[in-house]
Amino acid sequence: MGYAVEVRNLWFRYMLSEEWVLRDLSLAVEEGEFIVIMGPSGCGKSTLLYILSGIIPNMIRGEVKGEIKILGRDIRGLKPEEITRSVGFVFQNPDSQLIMPTVLEEVVMGLENLGLDRGEILGRAREILSYVGLDKKSNMPPRSLSAGEKQLLAIASVLAMRPRILILDEPTSMLDHVGTMKVLSLIESLKKNLGITVIVVEHRIEWAVEIADKIAIMDRGTVVAYGEPSKIFSNPELIKKTGVRPPMISEVFYELIDRGVKVNRIPITTKEGIEELRRLLGRSAKPGTLT
Ligand SMILES: Nc1ncnc2c1ncn2[C@@H]1O[C@H](COP(=O)(O)OP(=O)(O)OP(=O)(O)O)[C@@H](O)[C@H]1O
Ligand SMILES: [Mg+2]
């Protein structure tokens, strides 16, 4: 399979700004991959997502240098509507995306722009609303939904257009625990059921290591680490430098290594942590102490 997104030596600065916000950034995402992007506030995560979805330069201006390909095609050769068709974008704050009087119309609106016939539009809208669990609220105004439901609706409106790439910018940061769990499990189901490429900025590291094919860590406008979660977090020196919090269980093992404990591998999930602890204790502890 080819690349969904291919970025090489990307530089970007906002209009009227001297400072380059993205600096020689490269990132290649294969079709069907699930990528989580992390990094400190202001490092350029949203800016990168805006470029991949065409928001920059179509809505926000600035100077772009470098190569950007979406599904193998140079983004500069694509019309805004061609980008929208391939790349769905979900904002941090669902309120900025929801403008129609009812939940159903919210989903229908995006589909109308695709030039489909009425039957197909309604069919798709109902299907996606039931997929995200909002079918019973079709006729309610979006403002009456909970924050979590609003975000589910924003995601549904984008999914209805059947993009091959879905980009989400901190989709749970405005949500409470219940809303967060609903949105995260919806995103997980996309990976399992739809096989679309997902690129998400999300700070919940314990969730990210379970679901991501690859994690990209950004710092000061560039990608400083990119790879499978186990590979990323098996390098404590790198992780400490980036300012990203590793999974709690990995941190425990960094400490153990510092104290001279020999470990086989640095676990990134609780399950792996328990296995590794069992192995370590198996040597010194009495049998049955950690079973
Ligand atoms: N429209 C704009 N004009 C000028 N500078 C901007 C604009 N938007 C963002 N910036 C600057 O670009 C840099 C990167 O911002 P960006 O929003 O991409 O970071 P981020 O990693 O998404 O941060 P956060 O985690 O807080 O969302 C910041 O220094 C920010 O102040
Ligand atoms: Mg941001």
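Filter region 252-273 for residues that are of a type in the set (Val, Ile, Thr) and over 27 Å from the mean Cα position of the chain (by Cα) and give the result.
Looking only at region 252-273, we keep the residues that are of a type in the set (Val, Ile, Thr), and these are 252, 257, 261, 263, 266, 268-270.
ILE257, VAL261, VAL263, listed by residue number.
Test of understanding: among VAL209, VAL200, VAL224, which residue is within 23 Å of PRO171 (Cβ to Cβ) and in contact with a strand residue (DSSP E or B) (Cβ under 6 Å, 6 or more places away or on another chain)?
Values: VAL209 fails: in contact with a strand residue (DSSP E or B) (Cβ under 6 Å, 6 or more places away or on another chain); VAL224 fails: within 23 Å of PRO171 (Cβ to Cβ).
Testing whether each residue is within 23 Å of PRO171 (Cβ to Cβ) and in contact with a strand residue (DSSP E or B) (Cβ under 6 Å, 6 or more places away or on another chain) leaves just VAL200.
Is it the case that GLY110 is modelled with pLDDT under 95 and closer than 20 Å to LYS137 by Cα? Walk me through it before giving the result.
Values: modelled with pLDDT under 95: yes; closer than 20 Å to LYS137 by Cα: yes.
The answer is yes for GLY110.
Return a yes/no flag: does region 29-46 have any residue that is near ligand 1 (Cβ under 10 Å from one of its atoms), assigned to a helix (DSSP H, G or I) and not aromatic (Phe, Trp, Tyr). Please lay out each step first, then the result.
Taking region 29-46 first, the residues near ligand 1 (Cβ under 10 Å from one of its atoms) are 37-46.
Checking which are assigned to a helix (DSSP H, G or I) leaves us with 45-46.
Among the residues that remain, those that are also not aromatic (Phe, Trp, Tyr) are: 45-46.
Yes - at least one qualifying residue is present in region 29-46.
Report every pair of residues separated by at least 6 positions or lying on different chains whose Cβ atoms are under 7 Å apart, first residue within region 1-12 and without any contact (Cβ under 8 Å) to a residue 40 or more places away in the chain, second surrounded by fewer than 17 Cβ atoms within 10 Å (Cβ to Cβ) and assigned to a strand (DSSP E or B).
MET1/GLU30
Can you confirm whether ASP213 is more than 16 Å from ligand 2 (Cβ to nearest atom), of a type outside the set (Lys, Arg), surrounded by fewer than 19 Cβ atoms within 10 Å (Cβ to Cβ) and in contact (Cβ under 8 Å) with a residue 12 or more places away in the chain? So that I can check it myself, show each step before the final result.
On the way: more than 16 Å from ligand 2 (Cβ to nearest atom): yes; of a type outside the set (Lys, Arg): yes; surrounded by fewer than 19 Cβ atoms within 10 Å (Cβ to Cβ): yes; in contact (Cβ under 8 Å) with a residue 12 or more places away in the chain: yes.
Against the criterion (more than 16 Å from ligand 2 (Cβ to nearest atom), of a type outside the set (Lys, Arg), surrounded by fewer than 19 Cβ atoms within 10 Å (Cβ to Cβ) and in contact (Cβ under 8 Å) with a residue 12 or more places away in the chain), ASP213 qualifies.
Assuming ILE51 fulfils every condition listed in (1) within 16 Å of ligand 2 (Cβ to nearest atom); (2) in a strand (DSSP E or B) apart from one, which condition is it?
Exception for ILE51: condition (2).
For residues in region 135-188 being free of Cβ contacts under 8 Å to residues at least 12 places away in the same chain and hydroxyl-bearing (Ser, Thr, Tyr), which is nearest to ligand 1 (Cβ to nearest atom)?
SER185
Which condition number in (1) buried (at least 18 other Cβ atoms within 10 Å of the Cβ); (2) away from ligand 1 (no atom under 16 Å from the Cβ); (3) not in a helix (DSSP H, G or I) is the one that ILE83 fails?
Unmet condition: (3).
Looking at this structure, is GLU149 outside any loop (DSSP other than H, G, I, E, B), of a type in the set (Asp, Glu) and in contact with a Lys or Arg (Cβ under 8 Å, 6 or more places away or on another chain)? Before you say what the answer is, go through the steps one by one.
Numbers: outside any loop (DSSP other than H, G, I, E, B): yes; of a type in the set (Asp, Glu): yes; in contact with a Lys or Arg (Cβ under 8 Å, 6 or more places away or on another chain): yes.
So GLU149 fits the description; yes.
If you scan region 25-44, which residues turn out to be buried (at least 19 other Cβ atoms within 10 Å of the Cβ) and within 13 Å of ligand 2 (Cβ to nearest atom)?
ILE37, MET38, GLY39, CYS43, GLY44
The values are calculated or read from the model by the stated rules, or taken from the named source; none is laboratory data. Keep in mind the model is a prediction, meaning the values are calculated, not measured. Here Cβ is always computed from backbone atoms with ideal geometry, including for glycine, and neighbour counts include all displayed protein chains.
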